[in-house]
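Please treat every number below as a calculation from the coordinates, not as lab data. In this text, all values refer to a predicted model and were calculated from it rather than measured experimentally. Note that each Cβ is placed from the backbone with ideal geometry, even for glycine, and that neighbours are counted across all protein chains shown.
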Amino acid sequence: MANKQSATKTTGRINAQPRLHQRASEIQAYGTVNHALPLELEEPVRLEMTEQLNQLLADTMTLRDLYKKSHWQVAGPTFYQLHLLYDKHHDEQVDLVDSIAERIQLLGGVSVAMAADVAETTQIERPPRGRDEVPVQLSRLLDAHQIIIREVRKLARRASELGDDGTNDLAVSEVLRTNELQVWFLSEHLVNVPLVEAKEPSLTANCRQTGT
């Protein structure tokens, strides 16, 4: 009898062995919303918003990774400046990724997370594995920004129509303004101006300006 009691106590005792290799069913399927939170937003609204936010999230995650690829692989006379700029922009995109993902979860949805799922979802063109020239790097980044800016403007307008002020604020105040500012910094690197010696205007150009 004493042995049985001792065995029971031993079995029920907490021990330090990790319980490894555990698996279970999902607690929520992707593409659904739950949590009847007091948000004053109906389920159809939250479904639509989380779907659009997940597209924005996938594209933002792709842009984030494109910045890191460019940061590592940049070459040429502007290496130092762009190496730092790319990393700064990458860190700002990291913050956006977190804000968008948390907004999806707050609305009761499930945020896209893994690289394979992001690759299937994003609208941004996949770059080669090798290194691009700087003008190509900049052009790829600007094209990606354009896709995000286009979709975030649509998202902001739709969120406003549906009364989702939180998503509208995130779209405009964080995502749109950050991307617009980054576009400015990138695009100025593609202006073809002399670095050391200014070009004197040609005689033909002067004649055109003066009308002679």
Acute angle (nearest 10 degrees) that the helix 177-187 long axis makes with the longest principal axis of the chain, alpha-carbon atoms: 40
Can you tell which of 54, 168, 192 shows the greatest fluctuation in a Gaussian network model of the chain with Cα springs below 10 Å? 192
Pull out the extension gain between residue 193 and residue 16, defined as 0.36 nm times the separation in residues minus the alpha carbon to alpha carbon distance; nm, one decimal. 57.1 nm
In square nanometres, what is one fourth of the surface area of the convex hull spanned by the alpha carbons of segment 40-189? 8.3
Length-normalised contact order of the chain, Cα under 8 Å, at least 6 apart, in percent, tallies to 23
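Can you put 64, 150 in order, fewest other beta carbons within 10 Å first?
In increasing order of surrounding Cβ atoms, one gets 150, 64.
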Rounding to the nearest 10 and keeping the result within 0 to 90°, find how far the Cα-based axis of helix 134-162 lies from the longest principal axis of the chain. 60
Please identify the longest segment of the chain free of exposed GluC sites (Glu not before Pro), where exposed means a DSSP state other than H, G, I, E or B and no more than 11 other Cβ atoms within 10 Å. 43-124
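Placing +1 at every Lys and Arg Cβ and -1 at every Asp and Glu Cβ, with all other atoms neutral, what dipole size does segment 40-189 have around its Cα centre, in debye to the nearest 20? Kindly include the intermediate steps, with their values, before the conclusion.
Details: 16 positive and 27 negative charges, 134 e Å.
Here the size comes out at about 640 debye.
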With angles folded into 0 to 90 degrees, how steeply does helix 43-73 sit against the dominant principal axis of the chain? Use alpha carbons for both and round to 10. 60
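Tell me the net charge near residue 62. Cut-off is 10 Å between Cβ atoms, residue 62 excluded, with +1 for each Lys or Arg and -1 for each Asp or Glu. Let's see the in-between values first.
Numbers: positive: 64, 126; negative: 59, 65, 125.
For residues surrounding residue 62, the net value is -1.
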